[in-house]
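Notes for the one structure printed next.
The values are calculated or read from the model by the stated rules, or taken from the named source; none is laboratory data. Just so you know, these numbers come straight off a predicted model, no measurement behind them. Backbone-built Cβ (ideal geometry, glycine too); neighbour counts: all protein chains shown. All accessible areas refer to the heavy atoms of the entire protein, side chains included, with ligands and DNA or RNA removed. Shrake-Rupley method; radii C 1.70, N 1.55, O 1.52, S 1.80 Å.
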Amino acid sequence: MEETLTPGARRALDRAAGRAVARGAAAVEPADLIAALVDEPESRAAELVAEFGLEPEGVHRALGVASPSAAAEGAKVAEAPEAPQSRSMRSVLGEATARARVDGRKASVGTEHLLAGLLVEAGDALAALRDAGLDLDGLRDLLTREEEPEPLPPLEGPPLDLSDAVRSVDIARVLDASANRAREGLRVAEDYARFALDDPGLTRRLKEVRHRLAETLRGFDPDLLIASRDVREDVGAHIMTRSEQVRENPRAVLAANFKRAAEALRSLEEYGKLVDVWIAGRFEVLRYDVYTLEKLMMTAVQAYRTLDDRRLMLLVGGLPTLGDLTWIVGEALAGGADVVQLREKNLPDRELLTRAREVRILTAQAGARFIMNDRPDLARLAGADGVHLGQDDVTVRDARRIVGPNMVIGVSTHEPAQVDAAVVAGAGYLGVGPVFPSATKDFDEPELAGLGYVRTVADSTKLPWFAIGGIDESNVDRVLEAGASRIAVSAAIVRAERPRVAAAALRAALDAVG
């Protein structure tokens, strides 16, 4: 992220690290950052905080921290060892980056974006500032409201060359027809995301593209476009191929309308160059965004088809013998597990592949899905239904090159920014956690994502995801109440005296919430 920061934002993060070190903390926290932002009164963040009711000295008093000058603090930071960022701070930075992108794909993260990230992701840490007189709600509304798309600059001269009436009307007919096709195609895709997938994230992305299209089209003279419209005399209006008359399934409807929107945007881009090159460039950006959305939507559809109502994933590995593995897997499947992920870290490849093929047989017989952890190459050789990747494993793109187009790819996530990155990369499902300390995998306490993260993901995407980390019969209800509908467990089944009974109890809890 370092190269995307403005100098002011970089200084603020350096001062925040210095504050964390000075108070002997193990990691930089949001309170360090808010104090650091107002250490430099001329920064945009400090000006906003003052505008909404609290001067820098008031911020420092409310937080109970010292008020060093920016210069003195900078000197301290230069001598202090670097402090890592806490999970909540990483969430703040992820939100700040997202806010900066609203201003443009290459916009740098400024102090105002860091402040917005704090307001969205670390509101609880700022509660003391509200008590001291800061209008947190007003400040949040200002920094996080949905901005109208940037208005187009006025065109120099008429939108089309009216000196050639025939040419202007002909071009206007092309632009009008293409604009209608683009709007219609995007609306059909948005309806699918909204009503079929019930996915808020994809719906929001499509709506944003639709709104940006509408704003870009304002660069043309709407009266001229409508006046040039002549459906009755349009030679293409009544020409329809058989492929246009038939749609085999909803997925075919979705695919056809993404193609319709992309082709229309290409036409707008090319003919738009006759009007204004800048406007044509906007259509080009929209077209590439539609390509990305098509990938995300089709990946989601494929994931739903692969995982549909699969809700209980067994994570299994590290057992002494192949016989132990097949017994545990068989018992879990009999108890209601419908996805099995094989996780082995220390076996030779040949032995691991043998175990994977045995699990493949058992899951196929039970009608369950089989996921291979970490190893896309062995997943393909074993005929698995999917492969699961951690944050440090090969990328989704590289895994896809190995496993081909049909295998589902899952990605572990520990914070909201990783969810967004995984979705954009084309993940078919997500691991969400760790929710609780795990008996089979060590996580430092600051690394626990917790139930708050589960709630965040539940509100942001309907892409299939499994809550993971320390989940068992004693706490599964809390996970489900937080919004999870799928869970991945290991010790709760593998180390149970009666694995089938343990799996059945977890399955019953999942089924009880529908």
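Considering only Cα-Cα distances, which of the following residue pairs are longer than 20 Å: 259/295; 273/295; 207/462; 295/462; 207/273? Too far apart for the 20 Å limit: 273/295; 207/273.
Once fully extended, how much extra length lies between residue 357 and residue 397, figured as 0.36 nm per residue of separation less the alpha-carbon to alpha-carbon distance? All intermediate terms of the calculation are to be shown ahead of the outcome.
Values: separation 40, 0.36 × 40 = 14.40 nm, distance 2.47 nm.
Length gained between residue 357 and residue 397: 11.9 nm.
Charged side chains reduced to their Cβ positions (Lys and Arg at +1, Asp and Glu at -1) give segment 286-367 a dipole of some 200 debye around its Cα centre.
A helix-only calculation puts the chain at -18000 deg cm²/dmol for mean residue ellipticity at 222 nm, using -39500 (n - 2.57) for each DSSP H run of at least four residues, averaged over all residues. Each of residue 347 and residue 365 was given a label point 7 Å from its Cα along the Cα-to-Cβ line. The distance between the two points is 1.7 nm. Helices meeting the span-like rule in the chain (full DSSP H runs, Cα extent of at least 30 Å along the helix axis, mean Kyte-Doolittle score of 0.0 or higher): 277-307. Taking all protein chains as shown and a probe of 1.4 angstrom, residue 394 keeps an accessible surface of around 70 Å².
For segment 307-419, the dipole from Cβ point charges (+1 on Lys and Arg, -1 on Asp and Glu) about the Cα centre works out to 280 debye, to the nearest 20. Accessible area per residue (1.4 Å probe, heavy atoms of protein chains only) ranks 61, 251 as 61, 251, with the largest value leading. Evaluated with a Cβ-only charge set (Lys, Arg +1; Asp, Glu -1), the chain carries a dipole of roughly 2000 debye about its Cα centre, given to the nearest 20.
Note on residue 52: accessible area approximately 40 square angstrom, rounded to 10, probe 1.4 Å, nucleic acids and ligands left out. Placing dummy labels 7 Å off each Cα toward the beta-carbon, the span from residue 459 to residue 23 is 2.5 nm. Note on exposure: 354, 461 ranked by accessible area (1.4 Å probe, complete protein assembly) read 354, 461, with the most exposed listed first.
As a length-normalised measure over Cα pairs under 8 Å and 6 or more apart, the relative contact order of the chain settles at 11 percent.
Projecting the Cα positions of 435, 494, 514 onto the charge dipole of segment 365-514 (unit charges on Cβ atoms of Lys, Arg, Asp and Glu, taken about the Cα centre) puts 514 furthest along the positive direction. Simple spin-label estimate for residue 270 and residue 211 gives 3.2 nm between the two label positions (7 Å along the Cα-to-Cβ direction from each Cα). For residue 438, the residues whose modelled amide H falls within less than 5 Å of its own, excluding neighbours fewer than 5 places apart on the same chain, are 443. Computed from the Cβ-Cβ distance with R0 of 35 Å, the FRET efficiency linking residue 309 to residue 285 stands at 0.35.
Per-residue accessible area (protein heavy atoms, 1.4 Å probe) orders 298, 313 as 298, 313, starting from the largest. Rolling a 1.4 Å probe across all protein chains gives residue 278 an accessible area of roughly 110 Å².
Can you tell me the FRET efficiency between residue 234 and residue 135 if r is taken as the Cβ-Cβ distance and R0 is 56 Å, rounded to the nearest 0.05? Taking R0 as 56 Å, the efficiency between residue 234 and residue 135 is 0.50.
Each of 114, 257, 359 was scored by the projection of its Cα onto the charge dipole of the chain, and the greatest displacement toward the positive side belongs to 359; charges sit on the C-beta of Lys, Arg, Asp and Glu.
In a fully extended conformation the segment linking residue 196 and residue 256 would gain 20.0 nm over its present Cα-Cα distance, using 0.36 nm per residue. For the chain, the solvent-accessible area with a 1.4 angstrom probe is 49 square angstrom per residue.
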